[in-house]
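The values are calculated or read from the model by the stated rules, or taken from the named source; none is laboratory data. What you see is a predicted model; the values in this text were computed from it and never measured. Methodologically, a virtual Cβ is constructed for each residue, glycine included, from the backbone with ideal geometry; neighbour enumeration extends over all protein chains shown. SASA here: full protein model, heavy atoms, side chains in, ligands and nucleic acids out. Shrake-Rupley method; radii C 1.70, N 1.55, O 1.52, S 1.80 Å.
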Amino acid sequence: MHRLWTARSAGLALGLNLVFSAHGRILTSNAQLLPTYDYVIVGGGVSGLTVANRLSEDPKNRILVIEAGDFDQDEDSILIPGLAGTAVGTQYDWNLTYVSNPDAGDREVSIPQGKAVGGSSLLNRMTLDRGSSADYDRWSALGNRGWGWADLFPYFKKSETSTPPSDELVAEWDVGYDESVHGSSGYLQSSYTPWIWPSTKHFVSALTGLGIQIPHDAAGGDAVGGYFTPHNQDPATITRSDARRAYWTAASSRPGLSLITGRRVTRLITKQTAQGAKVTGVEFAASEYSTPKVVKTSKEVILAAGAIHTPQLLQLSGIGDPAVLSELDIAVVADVPGVGRNFQDHLYIPVVFSCDFPLTAANLTANTSFAAESMALYNTHRTGPYSDATGDFLAFLPAESFTTEAATLHSLAKDQDSTTYLDPDTPRSVKENYAIQHALLTDGLIATDQAQIEIIWTDGTFITGLQHPFSRGNVRLASKDPFAAPLADSAFLRNPIDVKILVEAIKFARSVVQTPSLAAFNPVEAAPGADVTSDADLEAYVRGAAESLFHPSGTAVVGTYELGGVVDTEFRVYGVQGLRVVDASVFPMLPATHIQSSVYAVAEKAADAIKSSS
Ligand SMILES: Cc1cc2nc3c(=O)[nH]c(=O)nc-3n(C[C@H](O)[C@H](O)[C@H](O)COP(=O)(O)OP(=O)(O)OC[C@H]3O[C@@H](n4cnc5c(N)ncnc54)[C@H](O)[C@@H]3O)c2cc1C
Ligand SMILES: *[C@@H]1O[C@H](CO)[C@@H](O)[C@H](O)[C@H]1NC(C)=O
Ligand SMILES: *[C@@H]1O[C@H](CO)[C@@H](O)[C@H](O)[C@H]1NC(C)=O
Ligand SMILES: *[C@@H]1O[C@H](CO)[C@@H](O)[C@H](O)[C@H]1NC(C)=O
């Protein structure tokens, strides 16, 4: 005790933020670093902490995680489900925006990204669902052996400990659960909300009244229709379970694992060998004003910086399309044309009706005594509005479920030249990959086993998300300065098919509120507005209102080199030894779901790939 106290006061006297005992592996100064680690992991978010945890199971591995952000301080905005998402725009957010988009009203749409131990799992809305088996089978259809649904399914299960819905929840909401599709010994806690906003009931009956099916448990690969989703939530405390609290905490006392925060990796160090380029270490710095530091690696560098910063780091290190690198005079270390291409994100548009529901989330802001009572209820009984991250019942709909225009959309897509809406400087191999994707996307428009739109319902607001965008953007450097934000172009709505799908989705939302279950609450359309009726006006609304659903991916895609792949099926970057990418950058095509469970599953798979080759 005395020694601890002395050490703490010494630490304070030195102005150091010393952390003790249970967190002995958190390094607080560069002086504590070893010169060499077996594995250096760049980014301590969802994928980085998953891989760090699994590699540290072997005590012989010396592993360093370098994270640009800091630890959160157990703020309510992080922990309380009813406040999920409110850490967006704080110090835990990179505060990025996409470049101005002529196809979305020349707006710079914001794209929050987590900057903390836990990454975006601290900012996210806690929806823990999975896509349809057909969505992942496309990944293997693109030539990636071992990347289909049947291959990934065991990793989805491995990542979670799932708790079934309570008897009360089943009795009141008829939430289906199939134990066989869930995990029972993973690090991430998956559980159902104890309480659901009451207007959800009317949305569920409106959809079932329209013939929308409810799969018994959508997590088994049958994620089409309407369903109640689990959350990344600890069922005992009703607080967020995230990559820090799940994967980091469980591994933090393992001897070989170290983490340093507040350091931004600025460059990969490479050397040329007879077999080509090889990564030997990474350079990082606390800020643009501090002296950069280098740590070496004896085995591998593992990129887990997320789909926007991973391609930035590759390009800063001379790994990418020579034509793009030469614009900034960056010497080519490895010619990998796919880096930064194939960029995809889910986007949504709101369709808003005001309804006479007796109790909605708006009561929390309008009525301070109701808010205070609700917080007291959460604090004492862990139920009520603050126990609910919202988005409990989700609809994932194939085209035929929400529009009579599926065949028209399909023939429109069939008639497209797949290259028309790609960036003019897209490399040939990337175009060839996209041609295959385009054919799969086209088939999807008349398929019934995969969803084209998602609807998240809150009290009359339809958050309507496009699930299989045809548009592809890119991420490239703004400058050679590693502290400058990269230029990320989401290309939202570049391909007119994406716009048309959302126009049809607005019409569907209008028909949903006209069903007896919702018409009883006198819905009045606030956006786009009842007077917005022509397809041209609806299109203009879509372009002006589109926002991100926070799922950037695809910028260091798995695939053959000939088809624009950046990593092979073992996550190894082409042309560079000792380098892997394990984050959402490797996704070939977005699945119709919120993507964190897929990121955890893919990172679990990556950890196995790394272990089996070491
Ligand atoms: C606001 C928001 C809401 C979301 N809601 C949901 C949801 O409800 N359900 C769902 O399934 N998914 C949701 N997501 C998506 C999900 O959280 C992400 O897909 C997932 O976290 C991606 O994991 P990742 O490992 O690729 O990146 P991240 O988890 O973002 O981790 C990347 C880490 O790398 C660090 N880093 C970046 N560059 C560097 C560098 N140069 N040096 C050192 N460190 C660096 C970052 O600081 C970060 O910690 C949401 C995301 C956001 C932002
Ligand atoms: C993001 O913006 C908020 C609010 O302006 C600010 O407090 C925070 O420090 C910013 N984050 C970063 C990483 O700069
Ligand atoms: C919630 O808001 C509605 C509509 O304004 C109101 O009728 C109702 O009394 C409110 N209930 C509470 C608990 O604040
Ligand atoms: C505010 O909420 C309280 C319950 O906390 C309720 O009794 C009261 O009627 C509500 N006020 C309004 C104006 O709805």
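In table form, for the structure just shown:
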| read-out | value |
| --- | --- |
| Lys/Arg +1, Asp/Glu -1 at C-beta; the chain dipole; positive extreme among SER132, ALA218, GLN113 | GLN113 |
| Phi to ³J(HN,Hα) by Karplus 6.51 cos²θ - 1.76 cosθ + 1.60 over region 331-339, Hz, x for Gly, Pro | 5, 7, 8, 9, 7, 10, x, x, 4 |
| Rg/Rg_globular for region 220-268, with Rg_globular taken as 2.2 N^0.38 Å and Rg from C-alpha atoms | 1.78 |
| Mean residue ellipticity (222 nm) of the chain, computed from DSSP H runs ≥ 4 via -39,500 (n - 2.57), nearest 500 | -8500 deg cm²/dmol |
| Packing-based ranking, highest mean first, of 570-576, 304-310 given that Cβ atoms within 10 Å are counted | 304-310, 570-576 |
| Region 506-614, accessible surface, carbon-and-sulfur percent (1.4 angstrom probe) | 55 percent |
| For region 26-96, convex hull volume per residue from C-alpha positions, Å³ | 123 Å³ |
| Long-range HN-HN contacts of THR193 with modeled amide H, under 5 Å | HIS231 |
| Integer Hz, Karplus 6.51/-1.76/1.60 couplings in order for region 362-379, x for Gly and Pro | 5, 4, 5, 7, 7, 10, 5, 6, 5, 4, 5, 4, 5, 5, 5, 5, 5, 5 |
| Alpha-carbon Rg with Dmax, taken over region 488-545, Å | 13.3, 44 |
| Leading residue at positive end of dipole, region 185-292 (Cβ point charges), from ALA274, PRO255, ILE196 | ALA274 |
| ³J(HN,Hα) computed for each position of region 56-64 - Karplus, 6.51 cos²θ - 1.76 cosθ + 1.60, integer Hz, glycine/proline x | 7, 4, 8, x, 6, 6, 9, 10, 10 |
| Relative pair counts by distance (%), Cα atoms of region 359-452, 5 Å bins | 2, 11, 14, 11, 9, 7, 7, 7, 9, 10, 9, 3, 0 |
| For region 391-438 and region 143-179, distance of Cα centres in Å | 28 Å |
| Solvent-accessible area per residue for the chain (1.4 angstrom probe, square angstrom) | 37 Å² |
| Ratio Rg/Rh [Cα only; Rh per Kirkwood] for region 474-614 | 1.12 |
| Placed amide H near TYR177: partners under 5 Å, 5+ positions off or other chain | none |
| Alpha-carbon Rg/Rh ratio, for the chain, with Rh computed the Kirkwood way | 0.96 |
| Calculated diffusion of region 538-614, Stokes-Einstein form, Kirkwood radius summed over Cα pairs, 25 °C and 0.890 mPa s, µm²/s | 176 µm²/s |
| Overall form of region 287-397 per C-alpha gyration tensor (a/c, 1.5; a/b vs b/c) | prolate |
| Largest-first principal axis extents, alpha carbons of region 24-142, Å | 51, 40, 31 |
| Electrostatic dipole magnitude of the chain [Cβ: Lys, Arg +1; Asp, Glu -1; Cα centre; debye, to 20] | 2640 debye |
| For region 163-261, the fraction of alpha-carbon pairs in successive 10 Å shells from zero, as % | 14, 37, 29, 13, 6, 1 |
| Over region 457-505: Rg over Rh, Cα atoms, Kirkwood Rh | 1.18 |
| Listed residue (LEU477, ALA607, PHE370) projecting farthest to the positive dipole end of the chain, Cβ model | ALA607 |
| Of all accessible heavy-atom area on region 109-234, the percent that carbon and sulfur account for (1.4 Å) | 47 percent |
| Relative contact order computed over region 432-550 (Cα-Cα under 8 Å; 6+ residues apart), in percent | 18 percent |
| The chain: antiparallel DSSP beta bridges as a percent of all, rounded to 5 | 65 percent |
| Size of electric dipole in region 234-361: Cβ of Lys, Arg +1 and of Asp, Glu -1, about Cα centre, debye, nearest 20 | 740 debye |
| Descending semi-axes in Å of region 279-319, equivalent ellipsoid built from Cα gyration tensor | 17, 16, 9 |
